[in-house]
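Scroll down for the structure; my scribbles are underneath it.
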Amino acid sequence: MTELPVARTVAVVGPGKVGSQLVRGLARAGHQVLVGARDASRAAELAALEGVSVLDPAAATAGAEVVVLAVPVTALADTVASVGDLAGKVVVDATNAVTSPVPDGYDTVAAYVAHLAPGAAVVKAFNTIGAEHLADGQVGGVAAFLPVAGDDTGRPVVVELASSVGFDVADLGGPDAVRLVEDAARLWIHLAFKCGWGRDFGFGVLRQ
Ligand SMILES: NC(=O)c1ccc[n+]([C@@H]2O[C@H](COP(=O)([O-])OP(=O)(O)OC[C@H]3O[C@@H](n4cnc5c(N)ncnc54)[C@H](OP(=O)(O)O)[C@@H]3O)[C@@H](O)[C@H]2O)c1
């Protein structure tokens, strides 16, 4: 287990492919994880993990300081409406506009989330790698590069969370840098599906 500077209470809304792997990674790192599930029966395996509780989305987010949105972009408006006021919380947008475009009038999906959740500290993260690598932040035993950008107060919290899971985290800066994180996901998706690389890879950085 990676050293844990601060144990946080994190709600993960949407226990699908991304959400369920992230729940595993966060719980393994020692965080308290509240899974926000519309149908608890679909999250039964997660409920059995130490440090994990499965609740309805509103109850999960109410009890958490950090809320990860791991739903399709088209479900964001309904999801945010169903969980109530997110002001004062760190909200992590892990979505990608893949099968649907970035909502009209917004440069990025994260900007749309900030509009849906006024007063929340919105941060873009966990969207630039296949879901199967979110449980340990690694590919082939090597920490994967994970770019993070967004709100200045929320970003350090998310950087720390992602590092505790095992990622090689890059803090790209404020909301103006979110576009880079969403573009990095587009690059991953292009390589995976248009260039035929498949899903089993992540980005890395060479340092000297
Ligand atoms: N798959 C990847 O490798 C990957 C990687 C990075 C980012 N992403 C992005 O992450 C997001 C989730 O992708 P995924 O692959 O995890 O999708 P998924 O497996 O289809 O899971 C989607 C989850 O969202 C939930 N959901 C849908 N509408 C909801 C609502 N109104 N309220 C609450 N929960 C709702 C679903 O709940 P139910 O089970 O109740 O339907 C399900 O748990 C997408 O934006 C995707 O682009 C995916």
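If I ask for residues that are touching a residue at least 40 places away in the same chain (Cβ under 8 Å), small (G, A, S) and not in a strand (DSSP E or B), which ones from the range 21-44 would you list?
G25, A29, G30
Residue under question is G88, and the condition is that it be modelled with pLDDT under 95 and over 15 Å from the mean Cα position of the chain (by Cα); does it hold?
Working: modelled with pLDDT under 95: no; over 15 Å from the mean Cα position of the chain (by Cα): yes.
No; evaluated as a whole, the condition is false for this residue.
Could you list, in sequence order, the residues of the range 50-74 that are closer than 27 Å to A185 by Cβ, part of a loop (DSSP other than H, G, I, E, B) and of a type outside the set (D, E)?
A64, A70, V71, P72
Name the residue, out of S20, S41, that is within 16 Å of the ligand (Cβ to nearest atom) and either buried (at least 24 other Cβ atoms within 10 Å of the Cβ) or under 24 Å from V98 (Cβ atoms) (or both). Please lay out each step first, then the result.
Details: S41 fails: either buried (at least 24 other Cβ atoms within 10 Å of the Cβ) or under 24 Å from V98 (Cβ atoms) (or both).
After ruling out the rest, the residue left standing is S20.
Among the residues of the range 167-183, count how many are surrounded by fewer than 21 Cβ atoms within 10 Å (Cβ to Cβ) and touching a Pro at 6+ places or on another chain (Cβ under 6 Å).
2
Does the range 81-110 hold any residues that are among the small types (G, A, S), within 13 Å of the ligand (Cβ to nearest atom) and surrounded by fewer than 23 Cβ atoms within 10 Å (Cβ to Cβ), and which are they? Lay out the reasoning, then the answer.
The first filter runs over the range 81-110 and keeps only residues among the small types (G, A, S), leaving 81-82, 84, 87-88, 94, 97, 100, 105, 110.
Pick out the ones that are also within 13 Å of the ligand (Cβ to nearest atom) and you get 81-82, 84, 94, 97, 100, 110.
Within the range 81-110, A81, S82, G84, A97, S100 qualify.
Take the range 122-166 and flag every residue that is surrounded by 23 or more Cβ atoms within 10 Å (Cβ to Cβ), aliphatic (A, V, I, L, M) and not in a loop (DSSP other than H, G, I, E, B).
Of everything in the range 122-166, those that are surrounded by 23 or more Cβ atoms within 10 Å (Cβ to Cβ), aliphatic (A, V, I, L, M) and not in a loop (DSSP other than H, G, I, E, B) turn out to be V122, V123, L146, V148, A149, V158, L161, A162, V165.
The values are calculated or read from the model by the stated rules, or taken from the named source; none is laboratory data. From a predicted model like this one, the values you see are computed outputs, not experimental measurements. Here the Cβ is made from the backbone with ideal geometry for all residues, glycine too, and neighbour counts use every protein chain on show.
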